[in-house]
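Below: the structure, in structure tokens.
The values are calculated or read from the model by the stated rules, or taken from the named source; none is laboratory data. Quantities reported herein were computed from a predicted structural model and do not represent experimental measurements. Heads up, the Cβs are rebuilt from the backbone with ideal geometry, glycines too, and the neighbour counts pull from every protein chain shown. To get the accessible areas, we keep the full protein, side chains included, count just its heavy atoms, and leave off ligands, DNA and RNA. Shrake-Rupley method; radii C 1.70, N 1.55, O 1.52, S 1.80 Å.
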Amino acid sequence: MTRPMLQSCGACGHSWQFRRAACPTCAALEPLEVEAGGGGTVWSVTTVLRAPLPELDVPGGYGIALVTLDEGPRIMCRAEPGLAIGDRVRVSMDD
């Protein structure tokens, strides 16, 4: 199981997902690359019934969730059926 990679500021402790040269909170340079623990809370969830591309079409649709990681950043990921706002989840990345 591969967990999401984040950047974290050694000066103020803020963490974020998208790579940047400096911390978006305090502007400190040279952020650290860290692996997220994978735990988080569902912030929003929906089911996609009409895929944007034919090759993504799945009978019955597929779930998408916004998950707030324990480290702070919010990421989008696939969701299991029946997932609800506020549920605790583990997030991993496939190759």
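Which of the residues belonging to the range 17-37 are surrounded by 18 or more Cβ atoms within 10 Å (Cβ to Cβ) and either in contact (Cβ under 8 Å) with a residue 40 or more places away in the chain or out of contact with any Pro (no Cβ under 7 Å at 6 or more places or on another chain) (or both)? Matches in the range 17-37: Pro31, Ala36. The residues of the range 50-94 that are over 23 Å from Ser8 (Cα atoms) and among the charged types (D, E, K, R), listed by number, are Arg50, Glu55, Asp57, Arg78, Glu80, Asp87. Confirm whether Ala51 is open to solvent by less than 90 Å² (accessible area, probe 1.4 Å) and either in contact (Cβ under 8 Å) with a residue 60 or more places away in the chain or in contact with a strand residue (DSSP E or B) (Cβ under 6 Å, 6 or more places away or on another chain) (or both). Spelling it out, it is not the case that Ala51 is open to solvent by less than 90 Å² (accessible area, probe 1.4 Å) and either in contact (Cβ under 8 Å) with a residue 60 or more places away in the chain or in contact with a strand residue (DSSP E or B) (Cβ under 6 Å, 6 or more places away or on another chain) (or both). Name every residue in the range 85-95 that is exposed (fewer than 14 other Cβ atoms within 10 Å of the Cβ), part of a loop (DSSP other than H, G, I, E, B) and modelled with pLDDT of 95 or more, in order of residue number. Of everything in the range 85-95, those that are exposed (fewer than 14 other Cβ atoms within 10 Å of the Cβ), part of a loop (DSSP other than H, G, I, E, B) and modelled with pLDDT of 95 or more turn out to be Ile85, Gly86. Looking across the range 46-82, just one residue is in contact with an Asp or Glu (Cβ under 8 Å, 6 or more places away or on another chain) and modelled with pLDDT of 90 or more, and that is Gly63. Pairs meeting the criteria (first residue in the range 69-92 and within 22 Å of Arg19 (Cβ to Cβ), second residue loosely packed, with under 11 Cβ neighbours inside 10 Å, beta carbons under 7 Å, at least 6 apart or on different chains) are Ser92/Met1; Ser92/Thr2. As for the range 60-73, it holds at least one residue that is loosely packed, with under 11 Cβ neighbours inside 10 Å and either in contact with a strand residue (DSSP E or B) (Cβ under 9 Å, 6 or more places away or on another chain) or part of a strand (DSSP E or B) (or both). Number of residues in the range 12-53 that are farther than 20 Å from Ile85 by Cβ and in a strand (DSSP E or B): the value is 8.
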